[in-house]
1. Any residue in the stretch B:48-66 that's β-branched (Val, Ile, Thr): show its pairings with residues that are part of a helix (DSSP H, G or I) and surrounded by 16 or more Cβ atoms within 10 Å (Cβ to Cβ) at Cβ separation under 6 Å, as long as the two are six or more apart or on different chains.
2. Can you find a residue in the stretch B:244-255 that is assigned to a loop (DSSP other than H, G, I, E, B), aromatic (Phe, Trp, Tyr) and buried (at least 20 other Cβ atoms within 10 Å of the Cβ)?
3. Test each condition in (1) within 10 Å of chain A (Cβ to nearest Cβ); (2) assigned to a helix (DSSP H, G or I); (3) touching a strand residue (DSSP E or B) at 6+ places or on another chain (Cβ under 8 Å) for B:LYS233 and report the one that comes out false.
4. Being away from chain B (no Cβ under 14 Å) and either over 29 Å from B:LYS50 (Cα atoms) or surrounded by fewer than 18 Cβ atoms within 10 Å (Cβ to Cβ) (or both), is that true of even one residue in the stretch A:49-61?
5. Looking only at the stretch B:161-214, which residues are within 14 Å of chain A (Cβ to nearest Cβ) and surrounded by 13 or more Cβ atoms within 10 Å (Cβ to Cβ)?
6. Restricting attention to the stretch B:175-195, which residues are under 15 Å from B:ILE139 (Cα atoms) and within 24 Å of the chain's Cα centre (by Cα)?
7. Condition check: closer than 20 Å to B:GLY356 by Cβ, in contact (Cβ under 8 Å) with a residue 12 or more places away in the chain and within 17 Å of the chain's Cα centre (by Cα). Does B:LEU140 satisfy that?
Amino acid sequence: MTVALSGKEIAAKLEKQFPGSVIESSEDSLLIKPESLLDVASFLKTTPEFNCDYLTTITAVDYRDYFEAVYILTSLEHNHSLKLKTRCHDRKNPSLPSVFSLWRAADLQEREIFDLFGIKFDGHPNMKRIVLWEGFPGHPLRKDWQGGN
Amino acid sequence: MAIKTESFVLNFGPQHPSTHGVFRMRMTLNGEVVVDMEPVFGYLHRGIEKVAEERTYKQNIPFTDRLDYLASMAGNLAYCLAVEKLADIPVPERAEHIRVIIAELQRIASHLIAVGAFLNDCGAFMTPILYMIREREKILDLFEMVSGQRLTYNFMRFGGVSQDIPEEFMPALEKVIAEMPGFIDEYDRLLAENEILLARAKGVGILPKELAINIGASGPVLRGSGVKWDIRKADSYSIYDRFEFEIPTGTVGDCYDRYRVRIQEMRQSVRIIKQAMEQLPEGEVLTEVPLRLRPPKGEAYGRIEAPKGELGFYLVSDYSPNPYRFHIRAPSLINLTALRDMAVGWKIADAIITFGSIDICMGEVDR
């Protein structure tokens with residue numbers, strides 16, 4: 001069985017390595033500041049103890065006050081996984097750092113989030129719409145989207 | 001005098017029999033050699049993730065049929081598992097066994113189409129795929145017995161399956177399972193050492209192990225590259241931990257390896273179904289669940305090893321009858337990430353079989 005890494009334990013370790021990067025931690029997830037996303041993700045990927053070499057999925061949720069991006073990281077070697085989250089409060093021009101440089105799995109998935117939520121991923125080499133066409137009004141998975149009719 | 005040449009752009013698809021749906025490859029060619037390629041899709045985008053936010057949990061089950069429509073049962077199962085995790089719904093023993101039998105039959109049915117269509121792409125026009133469809137037909141007959149449908153089954157429910165299997169199901173299943181290994185062997189004898197298949201598929205469209213992991217590939221694509229990773233073992237769901245089976249893997253990650261992995265997986269599925277049939281208990285098949293189910297506030301990620309790879313549902317509940325967020329982790333989409341790397345440098349005909357060997361379903365790519 002895949003073991004869910006404890007967000008609390010990792011938060012304690014991160015606090016030493018990158019002070020102030022963790023906003024909140026619970027038993028099954030870890031919420032970090034967007035500025036620290038790349039550092040933390042790279043730390044989790046390269047540290048042998050975690051070795052999160054596999055990015056299972058990325059998704060985003062619109063909580064009206066903010067967007068939350070969710071990264072499910074997995075280690076194929078240790079068979080454990082972690083739910084890493086970060087938030088973006090800007091609704092006009094939301095942006096987050098791209099993890100493309102660490103996992104190419106982010107390629108199509110970040111583009112999809114950009115398409116449907118309008119969150120720009122800085123550092124992604126090909127940030128354009130993926131399932132909808134250029135010029136489509138708005139970003140439909142936002143809760144306040146009024147398109148369609 | 002040197003001949004002046006220049007590369008040109010060819011639009012391959014979206015309407016083309018080799019694109020397995022409406023998929024477009026924008027290829028830059030140097031003569032017949034692919035020098036660049038960009039996959040373009042979205043032609044079948046129906047906004048299922050958005051639509052699902054306006055429907056109750058139960059109303060969304062039929063939508064999961066329409067993701068990977070060649071493996072609808074897998075979509076049903078993954079979604080039901082995610083909701084059961086979110087709302088903590090128990091599943092009766094008999095239903096678990098039925099689910100495993102159905103899910104493995106679905107894997108065989110999906111792999112039959114994958115392998116048949118792949119050989120079609122290789123140039124073995126229509127003969128192998130018609131043999132495959134002949135066998136798949138028997139599985140569809142079984143599905144018709146349990147659900148009344150032949151393509152979009154809508155069979156699983158939160159807490160079990162919609163109805164118990166009918167009387168005529170088990171004898172028919174026994175017959176199919178008794179015949180299937182012989183059929184796979186026959187097929188394998190015909191093709192495994194076939195000179196043309198080897199020449200076309202061996203060493204073509206290689207996906208190295210490190211890249212396969214980095215792009216988040218899953219299913220036969222990941223295993224074909226030599227990674228022993230199967231959710232049924234790694235993160236065992238339902239009752240898969242009770243059955244004995246092996247995880248076939250490839251070595252180099254070429255088209256031939258992916259083809260072999262699928263053939264071997266069908267044999268393993270037969271093994272699992274036999275064990276599940278022997279252990280099938282009597283009893284209930286469905287836990288009572290309110291029609292307008294309101295799972296407690298929270299989130300859950302449920303996943304299964306679908307025929308095409310890891311199919312997962314990330315659900316967020318705000319204690320209303322509709323999901324607040326309904327995200328689908330579609331294996332077909334993510335497996336396409338490295339298509340460019342696998343196809344560049346090969347000829348058009350090789351790019352086609354590389355694409356075919358990934359085995360995608362556009363309903364799942366575009367959603």
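1. B:ILE48/B:PHE63; B:THR64/B:GLY75; B:THR64/B:ASN76; B:THR64/B:TYR79
2. Looking only at the stretch B:244-255, we keep the residues that are assigned to a loop (DSSP other than H, G, I, E, B), and these are B:244-254.
Subsequent filtering for residues that are aromatic (Phe, Trp, Tyr) retains B:245.
After this cut, where a residue has to be buried (at least 20 other Cβ atoms within 10 Å of the Cβ) as well, the list is none.
No, because not a single residue in the stretch B:244-255 is assigned to a loop (DSSP other than H, G, I, E, B), aromatic (Phe, Trp, Tyr) and buried (at least 20 other Cβ atoms within 10 Å of the Cβ).
3. (3)
4. Here is the first cut: in the stretch A:49-61, the ones away from chain B (no Cβ under 14 Å) are A:49-50.
Narrowing the set further to residues that are either over 29 Å from B:LYS50 (Cα atoms) or surrounded by fewer than 18 Cβ atoms within 10 Å (Cβ to Cβ) (or both) leaves A:49-50.
Yes, the stretch A:49-61 has at least one match.
5. Going through the stretch B:161-214, the residues within 14 Å of chain A (Cβ to nearest Cβ) turn out to be B:207-214.
Across the stretch B:161-214, the qualifying residues are B:LEU207, B:PRO208, B:LYS209, B:LEU211, B:ALA212, B:ILE213, B:ASN214.
6. To start, the set of residues in the stretch B:175-195 that are under 15 Å from B:ILE139 (Cα atoms) comprises B:175-181, B:183-184.
Across the stretch B:175-195, the qualifying residues are B:VAL176, B:ILE177, B:ALA178, B:GLU179, B:MET180, B:PRO181, B:PHE183, B:ILE184.
7. Working: closer than 20 Å to B:GLY356 by Cβ: no; in contact (Cβ under 8 Å) with a residue 12 or more places away in the chain: yes; within 17 Å of the chain's Cα centre (by Cα): yes.
The answer is no for B:LEU140.
Matching residues to (1) more than 14 Å from A:THR57 (Cα to Cα); (2) within 10 Å of another protein chain (Cβ to nearest Cβ); (3) more than 26 Å from the chain's Cα centre (by Cα); (4) among the aromatic types (Phe, Trp, Tyr):
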{"position": "B:GLU288", "(1), (2), (3), (4)": "yes, no, yes, no"}
{"position": "B:LYS308", "(1), (2), (3), (4)": "yes, no, no, no"}
{"position": "B:TYR314", "(1), (2), (3), (4)": "no, yes, no, yes"}
{"position": "B:TYR319", "(1), (2), (3), (4)": "yes, no, yes, yes"}
{"position": "B:ARG329", "(1), (2), (3), (4)": "no, yes, no, no"}
{"position": "B:LEU333", "(1), (2), (3), (4)": "no, yes, no, no"}
{"position": "B:THR337", "(1), (2), (3), (4)": "no, yes, no, no"}
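The values are calculated or read from the model by the stated rules, or taken from the named source; none is laboratory data. Please read all numbers here as calculations on a predicted model, not as lab measurements. Neighbour counts run over all protein chains shown; Cβ positions are idealised from the backbone, glycine included.
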